[in-house]
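Have a look at the structure below, then the notes.
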Amino acid sequence: MIKITLPDGSVREFEKGATSLDVAKSISEGLARNVLAAKVNGEVVDAFRAIQTDSDLQLLTWNDDEGKETMWHSSAHILAEALEVLYPGIKLGIGPPIENGFYYDVDAGDTVITEGDLVTIEKKMTELARQKNAFSRKEISKSEAVAHYQQKGDEYKLDLLDGLEDGSITFYSQGNFTDLCRGPHIPNTSFIKAIKLLSVAGAYWRGNEKNKQLTRIYGITFPKAKELTEHLELLEEAKKRDHRKLGKEMELFTFSQKVGQGLPLWLPKGAQLRERLENFMKKAQLEAGYLPVITPHIGSKELYVTSGHYEKYGADSFQPIKTPNENEEFLLKPMNCPHHCEIYKSKPRSYKDLPVRYAEFGTVYRYEQSGELHGLTRVRGFTQDDAHLFCRPEQVEEEFKKVIDLVLYVFKALKFEEFTAQISLRDKEDKTKYIGSDENWEKAESAIINAVKGKGLKTVIEYGEAAFYGPKLDFMVKDALGRKWQLGTIQVDYNLPERFELEYIGSDDQRHRPVMIHRAPFGSLERFVAVLIEHCGGNFPLWLTPDQVAILPLSEKYNENCKEVLNLLNKYDIRGFVDDRNEKVGKKIRDAEVSKVPYMLIIGEKEIENGTLSVRKHGEGDIGVMNIEEFSTLVGKEIDELV
Ligand SMILES: [Zn+2]
Ligand SMILES: [Zn+2]
């Protein structure tokens, strides 16, 4: 018999070789019908895998991320099965789950698969899913697996097998389909009740543009038809909020092929919005004891050889810029940290000087393949609200707390209400792959945990997710459409202080290495603005929005009066414009609504006589008549609630 410990701490006994499904059935049949996979001693496995030893067990359903992943990954197999039926001889690349659904990369030879074919493929998938085919797992030797794919003539799977070690290879089958796969998978195909194939795109094999371009088919599945309907509604809403669409309509930014792909051009309204974000952060940072620094957009290649970035990313980055003197090479700055290390080194430091916090809105350049570029979220040049904190090991906790406060302030001011703190720590088993002393790591890890605990945040701890150079804290933010974004990274670094030989003189008169903390609450301003646009659907918080008011004269006669009102409002720090076009006021209201201007002030004979404004609020309509002072109080109140 083996002992199975459930998450609530209860222990049940089973025959050796029992499966997670058996455990589920022993609790209730209803539960068993919903179990997609299981976490056995921390590892996600098939719910139909036999358990051989005493184990901790967590049953995974659609409510767990890993449950969804398992379902979507299994759906990718069904997609491949359908494609093999419809396109005999098709070659298969990879088919992983993604954040929302799954894809499969395929090589259909001379056949072109287009969006028009998706309905047919979907139908075939539905037919296959209904067959209630069980997924099965088989361990297979490398030579057998190679023979299988040689016979099938699938060079992509052979390429994948090349990188796998004998003894670690498994095949999964369902129906008449077999795939090279690590698993896990759902018990059988009937768990998948609703299927939607979403789009077709090109994707280079292994993401390398030197390789052949395959066809990538995206899809998503659900255990209930209702959930698919809801998801499609969300997708519609997301389309409406696409930052590329709204950015254009609101005249915030643009791109020019002539300037270059992935290099955003900020238009006046966007630049002003960005400036407001920068000023907001600069003010908060100044209050939190940061010191501004400014560094150039390029740095000598040597700088990045020292930092290690050149060795790690050099080949996949923009190549060095050469000066007329051939011996000089410079790199476009891919990150600001090395420059800031040199600033730290510009004078001797004592323990009394620490922490030192250098902040810079630093623009960096990173090469992204053209196929990876996407609006403002994936670009080749972007500005970080970067800062580097140099402190003593015992100061890490205090510094973390302060950075968390800053991040929370940003979230509040921009109405991000749902988020989780994700702490990435070392692998529990293998501590050899990390640099820095064990003692410092333990100090930093517990400092981060304590700092987060102290703030009472919703937290997840991920073991083994730390970088080799230090633990970190990320904020996973849920936007208004329920999509998750990683924002506000805080990262401890033992590597760069070592490489740049940073020092301070301790109270013991000895030389010590400071700990470095990288942090950027916005991350990239470009990406942040994109996320913000989609989160608020272009309805920015009042303090940030390009135009706070649109002043709409009832007829041309009142244009001058309206300009006077605007001047008065400017004195109250309220910004906006007069819509003096020769249009009906109804049309002006509609246009102001489309441009997402928060307040509209309508002015005609009556308003001028009484010295009042007729106020409309975006999305709400008429909110009454008031004088300028009352209106400015209203605006001030709304802003004060956030910043
Ligand atoms: Zn698989
Ligand atoms: Zn950094």
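From the C-alpha coordinates alone, can you work out the Kirkwood hydrodynamic radius of the range 2-61, in Å? Mind dumping the intermediate values first?
Details: mean 1/r = 0.0908 Å⁻¹.
Hydrodynamic radius (Kirkwood, Cα only) of the range 2-61 equals 11.0 Å.
Helix-only estimate, please: 222 nm mean residue ellipticity of the chain, summing -39500 (n - 2.57) across DSSP H runs of length 4 or more and dividing by its residues, to the nearest 500.
Details: 20 runs with 224 residues, N = 643.
Helices in the chain give a 222 nm mean residue ellipticity of -10500 deg cm²/dmol.
Over the chain, what relative contact order in percent results from Cα pairs under 8 Å that are six or more residues apart? Working shown, then result.
On the way: 1152 pairs, mean separation 54.7, N = 643.
9 percent.
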Counting other Cβ atoms within 10 Å, keep those with at most 16, restrict to DSSP loop, and tell me which GluC sites (Glu not before Pro) in the range 502-594 are left. E503, E583
The range 1-102: trypsin sites (Lys or Arg not before Pro) in DSSP loop, at most 12 other beta carbons within 10 Å: K16
Report, ordered by chain and residue number, the lysines lying within cross-link reach of K212, taken as a straight Cα distance under 29 Å and ignoring same-chain residues fewer than 8 apart. K91, K123, K124, K142, K152, K157, K196, K258, K312
Spatially proximal aspartates and glutamates relative to K210 (Cα-Cα < 17 Å; intrachain offsets below 8 disregarded): D105, D107, E155, D159, D316, E368, E372
Where GluC sites (Glu not before Pro) fall in DSSP loop in the range 197-270, at most 13 other Cβ within 10 Å: E209, E251
With contacts defined as alpha carbon pairs under 8 Å and 6 or more residues apart, what's the relative contact order of the range 2-61 in percent? 42
Under the Karplus relation 6.51 cos²θ - 1.76 cosθ + 1.60, θ = phi - 60°, what is the ordered set of whole-Hz ³J(HN,Hα) values for the range 84-96, x standing for Gly and Pro? 5, 5, 7, 10, x, x, 4, 9, 10, x, 10, x, x
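The numbers here are math on the coordinates, done by the rules we state, and not lab data. None of these values were measured; they are calculated from a predicted model. Glycine also receives a Cβ, built like all others from the backbone with ideal geometry; neighbour counts cover every protein chain displayed.
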